[in-house]
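The values are calculated or read from the model by the stated rules, or taken from the named source; none is laboratory data. These numbers were taken from a predicted model, which means no experiment stands behind them. Methodologically, a virtual Cβ is constructed for each residue, glycine included, from the backbone with ideal geometry; neighbour enumeration extends over all protein chains shown.
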Amino acid sequence: MLFKKSLLKKACMLLTLVMIITFSSIGAFAVTDTKTVTENTYVQYAGTDVQADQFINQIFPNISKTRNYNDGVYSGTLNYSRYYVSSKTLIQGTSNIYIWSWAFVYTGEVTAELPDTKTVTELQHMAYGGRDGEAATFLSSILAVRPQTINYNDGTYSGTLSYTRYYLESKTLIQGTSDVYIWKWAFVYEGTVTYTG
């Protein structure tokens, strides 16, 4: 009996899980955005100091001076800028043979065509443990204080999203009980946000 009371007490505690899922649709492509990107390519070699020096001098003329960049949004050309020794590790059992690693650095400005506005849908999730009547009371109290608008800012777009609806995502019976459930709701916010760079 004590176990059951303890379980019910725990089950009726408020479990707030706020998870944000964002969906978006885009408007007309009207903004060209740029950013600077740096990428490294690594080359490794095992040898003495003299051998490593000869190796790097041998491969250096064949290192590509440019490379293409495309992350699915931004694209452009990166230019070779420099190289440096990123690590030098003595091979165990030797006195002068190392594993060398060089980083070849490419940098450049890449561009993207971005919409000036986009429509965003954001889901906020909330969970609660309790019986049917308790869950209904809890939901009513949450709806009474839930903000009707929220601010949106992903570093590129910002604006205000408005609360539109909620729905029950799941209702799961807690093991060892006959009428206590974990309820999970999604609260939907939608709106048009503007490019801010």
Quick check on region 100-120. Is at least one of its residues among the β-branched types (Val, Ile, Thr), out of contact with any Gly (no Cβ under 9 Å at 6 or more places or on another chain), touching a residue at least 12 places away in the same chain (Cβ under 8 Å) and within 30 Å of THR48 (Cβ to Cβ)? yes
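Of these, SER158, SER162, SER141, which one is polar (S, T, N, Q), on the phi < 0 side of the Ramachandran plot and not in a strand (DSSP E or B)? Break it down stepwise before answering.
Details: SER158 fails: not in a strand (DSSP E or B); SER162 fails: not in a strand (DSSP E or B).
Residue meeting the stated conditions: SER141.
Going by the structure shown, is THR160 surrounded by fewer than 17 Cβ atoms within 10 Å (Cβ to Cβ), among the hydroxyl-bearing types (Ser, Thr, Tyr), under 30 Å from VAL73 (Cβ atoms) and in contact (Cβ under 8 Å) with a residue 40 or more places away in the chain? Write out each step before concluding.
Details: surrounded by fewer than 17 Cβ atoms within 10 Å (Cβ to Cβ): yes; among the hydroxyl-bearing types (Ser, Thr, Tyr): yes; under 30 Å from VAL73 (Cβ atoms): yes; in contact (Cβ under 8 Å) with a residue 40 or more places away in the chain: no.
Spelling it out, it is not the case that THR160 is surrounded by fewer than 17 Cβ atoms within 10 Å (Cβ to Cβ), among the hydroxyl-bearing types (Ser, Thr, Tyr), under 30 Å from VAL73 (Cβ atoms) and in contact (Cβ under 8 Å) with a residue 40 or more places away in the chain.
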ALA127 passes all but one of (1) small (Gly, Ala, Ser); (2) within 30 Å of LEU168 (Cα to Cα); (3) loosely packed, with under 11 Cβ neighbours inside 10 Å; which number fails? (3)
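Suppose we filter THR177, THR107, THR119 for residues that are surrounded by 13 or more Cβ atoms within 10 Å (Cβ to Cβ) and outside any strand (DSSP E or B); which single one remains? Can you show your working first?
Working: THR107 fails: outside any strand (DSSP E or B); THR119 fails: outside any strand (DSSP E or B).
Only one candidate qualifies: THR177.
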Please give the strands (runs of 3 or more DSSP E) falling wholly within region 6-92 in which 1 or more residues are modelled with pLDDT of 95 or more. 29-47, 66-70, 75-90
